[in-house]
1. Enumerate the aspartates and glutamates that residue 302 could reach by cross-link, defined here as Cα to Cα under 18 Å, with residues fewer than 8 away along the same chain left out.
2. Using the Kirkwood formula on the Cα atoms of the chain, what hydrodynamic radius do you get, in angstrom to one decimal?
3. Just order 122-129, 183-190 by mean Cβ neighbour count inside 10 Å, highest at the front, would you?
4. Which residue, 112, 121, 85, tops the fluctuation ranking in a GNM of the chain built on C-alpha contacts under 10 Å?
5. Step through the residues of region 138-155 one at a time and calculate ³J(HN,Hα) from phi using the Karplus curve (6.51 cos²θ - 1.76 cosθ + 1.60, θ = phi - 60°), rounding each to whole Hz and writing x for Gly and Pro.
6. So for the pair residue 19, residue 195, with labels modelled 7 Å out along Cα→Cβ, what separation do we get in nm?
7. Identify the GluC sites (Glu not before Pro) of region 19-72 meeting these criteria: DSSP loop state and at most 10 other C-beta atoms within 10 Å of the C-beta.
8. Sticking with the crude label model, points 7 Å out along Cα→Cβ, report the distance from residue 229 to residue 173 in nm, one decimal please.
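What follows draws every value from the coordinates through simple rules; no lab data is involved. Please read all numbers here as calculations on a predicted model, not as lab measurements. Here the Cβ positions follow ideal geometry from the backbone for every residue, glycine too, while neighbour counts run over all protein chains shown.
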Amino acid sequence: MKFAGRMNSFIHKGSMDIFQTIALYHHVKGITHLEFNYPEHVKPYEINRILDAIGDMKVNGVATRFRERFIAGEFTNPDQAVGEDAVTLCREAVDACHRLHGDVLTVWLGFDGFDYPFQLDYEAKWNRIIQSFQSVADYAMERNVKVSIEYKPYEPRAFSMIDGIGLTLMAIQEINRPNVGVTLDFCHMLMKHESPAYSLALAASRGKLFGLHMNDGYRAMDNGLMFGSVHLPQALEFVYYLKKYRYDGVVFFDSFPLREEAQAEVELNVEMFNQMCEMIDRVGMGAIEQIVSRQDGIESQKLILQMLKK
């Protein structure tokens, strides 16, 4: 399995810059790939200097980060020039991803949403999002980069325009580009009151699962806790379906060690994920599939107990 950790887990501690963080990730147990935010982790620096720091590690991709200028919306901003700048930022991130030898641009539209009734022309703004993604996807396709939509139901806006797996798959269908898919954030799915494994199955069965952000939380907000720390049975089911659909992408741990030691937190995420894989393998994919096919709540709980036993 391929794993990546969050750069800001170290940088936001205030003691490391991007180069020190990359150097440390060379020694973090289990980590195979790097993930960068754009523009903050890339634009201020020379690409060749970043590539030298990366060395023999691999880059999975780049994620866009829209800051205060886009607070009224990225693609849907009431100032059309700002909306066009959001598309430009995505294209710049595609270029950065390509130059860093990454595969996936992840786009989370945190400000494309609304807070009040009568605040938005929903159809017009939806169409604007679709058109913007088409422009970004066409640009990315020329550089062999995939574009992945990361959805979140709310926060920082009261309502997000792309808020769950249903609207995301609908948007992907309307964008109608082969290089556009979805990144599933475990905590965001919990906030939406989705079953994470169900959302995974819908995306993977359509060949549109392009990325993962693994973490955990208490549903009300984006807690960014360690994977499997709160919703262990659902996390186990999620890993089972990753194996069922033969996911071969990178598992990125998007958790926030605000009070924890960052390296230990990242390594524990990797260990937890690997332990879940072992628990599933010990029972066997075929045996689990047979139990799932019975649609029996008692048998499903017995399965979880069996996984927990050594």
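1. Those aspartates and glutamates meeting the cut-off are 237, 278, 281, 289.
2. The answer is 20.1 Å.
3. Per-residue Cβ counts within 10 Å, averaged per peptide and sorted highest first, yield 183-190, 122-129.
4. 121
5. Running phi through 6.51 cos²θ - 1.76 cosθ + 1.60 with θ = phi - 60° gives 5, 5, 5, 4, 5, 10, 6, 10, 8, 10, 10, 8, 9, 9, 7, x, 6, 6 Hz.
6. Computed distance between label sites residue 19 and residue 195 equals 5.0 nm.
7. Of the GluC sites (Glu not before Pro), the ones in loops of region 19-72 whose Cβ has at most 10 other Cβ atoms within 10 Å are 46.
8. 3.8
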